[in-house]
Amino acid sequence: MLCAAANIFVLDNGNSPVPFDDTQSICAKFGVRYFWVSTGSKIVAQFIGCQAAADFPYSLLIDDDCTLPEDFPLRTERIQLGSKKRLVKCIGYAITSVGTGGSKGTMCQQAQDLEYKLSGMSRYFFGSWGSASFPHGAIALWDREFLSECFRKHPGYTISEDWYFGHVARRLGGRIQMCNEIFVKTETPPSCVRGSKHGERAGYGEMTVVSQRMTRWNFFLISRIWPDLFYLAFSWNLGFYELSSKIVVFQEVSACGSTHHSHQGTSNDADRQIYESLLLLCFPVVTPILLATQPGFTLYVTAAVIGMYILTVAIFNEVHLRRKKATVSRTVVYLYYPPYKTFLRLVNVWSA
């Protein structure tokens, strides 16, 4: 993909009146447009970039930890310009978790990779029939004028800003679809609970998956219920495409959860339902009682549910990802991923 340097905008942000490093001089060397944003807010930086690029019909938002492949498909032809509602206004991209330097990374990063790919497939399905709930925060292609309108309706939260982009876009009548032709690499936390020895930062800067989920993803779950309920009841700007869109939003409401990112939208834990959130709250009390009164039945049902989930993940990996030559290690799928998800379930219980 060829791109003139002047078409690239670097939004360098931080809570400081002056930049922290020499990014500006590096950008000047290559002719890339540089803007220092003295507010440590991703959405503020994106808004400034969107306004600065007013001469362009499209805007590709990319996080600084993403690496574009050489054959990156810039699907501007799928964006339908114009003011008419029910048009495709955003193309999200499937993402893949990597380690430092684009490596496969740790087993923890490979487990996150599987989560992100599962999330991308779900979004692709709903985007094909209506609208995906929201694009991954790491990378998305927009109709720039429509994006500017979304910014003005956005509440400006520093967490789950990508989810709110999807929410606002659908309310304004813009469809969101996914491009799953390639996987865009994005760095993720290398460990669940222990920071890297070398101090690498990934995603939003979190050193661990637990800090990522506890401080941002799970923190915002409950406050998303009311906007979703309002959308289900009062938003009909997508016309025919509302059917599929409201199904996925209803799943989200009954799920009150987040898939990635916020950074990934992500990435990237399975949607959790409201009733499941209640179960999470009751888990520490109910589970010991169930094990004491009906131990056999409790263990049987638990094993059956876990088994069906692992089977689904295995089929996804062995069939779909194999066709795309993007399979995750079987060691990760069968040995690491089940305890990894179980541990994150406990983290969800704790954060609830």
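Pairs linking a residue in segment 224-243 that is assigned by TED's automatic domain parsing to the domain that holds SER160 to a residue that is at pLDDT 85 or above and of a type in the set (Ser, Thr, Tyr), with Cβ atoms under 7 Å and 6 or more positions apart or on different chains, are LEU238/SER131; LEU238/SER245; TYR241/SER131.
Restricting segment 336-352 to residues that are at pLDDT below 95 and over 20 Å from the mean Cα position of the chain (by Cα), the residue that is surrounded by the fewest Cβ atoms within 10 Å (Cβ to Cβ) is PRO339. Picking from residues in segment 123-144 that are aromatic (Phe, Trp, Tyr) and surrounded by fewer than 24 Cβ atoms within 10 Å (Cβ to Cβ), the one that is farthest from SER244 (Cα to Cα) is TYR124.
Scanning segment 1-47 for residues that are surrounded by 11 or more Cβ atoms within 10 Å (Cβ to Cβ) and β-branched (Val, Ile, Thr) yields ILE8, VAL10, THR23, ILE26, VAL32, VAL37, THR39, ILE43, VAL44. For VAL10, the conditions (1) assigned by TED's automatic domain parsing to the domain that holds PHE183; (2) out of contact with any Gly (no Cβ under 6 Å at 6 or more places or on another chain); (3) of a type outside the set (Gly, Ala, Ser); (4) in contact (Cβ under 8 Å) with a residue 12 or more places away in the chain all hold with the exception of (1).
Give me the residue from segment 145-163 that is at pLDDT 90 or above and buried (at least 21 other Cβ atoms within 10 Å of the Cβ) and, out of that set, farthest from the chain's Cα centre (by Cα). Filtering first and then ranking leaves PHE146. Taking the criterion of being under 23 Å from TRP142 (Cα atoms) and acidic (Asp, Glu), the residues of segment 12-57 that qualify are ASP12, ASP55. Annotation note: of THR100, THR39, THR76, the sole residue that is touching a residue at least 40 places away in the same chain (Cβ under 8 Å), farther than 30 Å from SER245 by Cα and among the polar types (S, T, N, Q) is THR100.
Quick one: would you say VAL319 is of a type outside the set (Gly, Ala, Ser) and surrounded by 18 or more Cβ atoms within 10 Å (Cβ to Cβ)?
Criteria not met by VAL319.
Restricted to segment 125-163, and to residues there that are of a type in the set (S, T, N, Q) and part of a loop (DSSP other than H, G, I, E, B), the residue that is nearest to TYR231 (Cα to Cα) is SER133. Annotation note: Cβ proximity below 6 Å between a residue of segment 162-182 that is without any contact (Cβ under 8 Å) to a residue 24 or more places away in the chain and a residue that is crowded, with 21+ Cβ neighbours inside 10 Å (sequence gap 6+ or interchain) occurs for VAL168/CYS150. If only residues of segment 168-226 that are of a type in the set (A, V, I, L, M) and at pLDDT 90 or above are counted, the one that is nearest to THR342 (Cα to Cα) is VAL184.
The values are calculated or read from the model by the stated rules, or taken from the named source; none is laboratory data. In this text, all values refer to a predicted model and were calculated from it rather than measured experimentally. Note: ideal-geometry Cβ built from the backbone for every residue, glycine included; neighbour counts use all protein chains shown.
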